[in-house]
Amino acid sequence: QVQLVESGGGSVQAGGSLTLSCVAPISIYDIGTGTWYRQAPGKERELVASITSDRSTNYADFVKGRFTISRDDSKNTVWLQMSGLKFEDTAVYYCNLPKIGLRYGDTIRYEYDYWGQGTQVTVSP
């Protein structure tokens, strides 16, 4: 079953912008770090950006100054705002929650590596 749902992908010309959304279909008690990865054809999956529970962010060098990661835990959502898109940004973008806490009654149980199905971003040169 789908653990996370990404949306917002599409086709855009170079220099354009897109905002990707990652939504958990269930309420998560402890979201922990949220991350975005991408994978282009013929290439390995690579980390794009991450944001911790205290909103500390980290970006891959190739997106610094162009992409912004954000979160709203009350909405179970992590966003990736992308501007100044380049042809080489073309890839399938995946949301990942490496570690989450789920509440079962009065206890918190942790689960790992929640992934979405990916959303395609295509940038025309």
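The values are calculated or read from the model by the stated rules, or taken from the named source; none is laboratory data. Since the structure is predicted, the reported quantities are computational estimates derived from the model, not experimental observations. Glycine gets a Cβ as well: all are built from the backbone with ideal geometry, and neighbour counts include every protein chain shown. Just so you know, the surface numbers come from the protein's heavy atoms only, side chains and all, with ligands and any DNA or RNA stripped out. Shrake-Rupley method; radii C 1.70, N 1.55, O 1.52, S 1.80 Å.
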Checklist entry - Any idea what diffusion coefficient the chain gets from Stokes-Einstein, in µm²/s, Kirkwood Rh on alpha carbon pairs, 37 °C, 0.692 mPa s? => result 223 µm²/s
Checklist entry - Per residue, what accessible area does the chain have, given a 1.4 Å probe and all protein chains present, in Å²? => result 55 Å²
Checklist entry - Can you list the HN-Hα couplings for the stretch 67-79, worked out from phi with the Karplus curve (6.51, -1.76, 1.60; θ = phi - 60°), rounded to whole Hz and with x for Gly and Pro? => result 10, 9, 9, 8, 8, 9, 5, 5, 9, 6, 10, 10, 10
Next on the checklist: Out of the total accessible area of the stretch 27-96 (probe 1.4 Å, heavy atoms of protein only), what percent is carbon and sulfur?
Outcome noted: 45 percent
Checklist outcome for this item: Once phi for every residue in the stretch 102-116 is put through the Karplus expression 6.51 cos²θ - 1.76 cosθ + 1.60 (θ = phi - 60°), the whole-Hz ³J(HN,Hα) values, with Gly and Pro written as x, are 10, 8, 10, x, 9, 10, 10, 10, 9, 10, 10, 6, 7, 10, x
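Please state the charge dipole magnitude for the stretch 27-100, taken about the Cα centre, from unit charges on C-beta atoms (+1 on K and R, -1 on D and E), reported in debye and rounded to the nearest 20.
Values: 10 positive and 9 negative charges, 21 e Å.
Magnitude of the dipole: close to 100 debye.
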Checklist entry - Could you name the lysines in cross-link range of Lys99, using Cα to Cα under 26 Å and dropping any fewer than eight places away on the same chain? => result Lys43, Lys64, Lys75
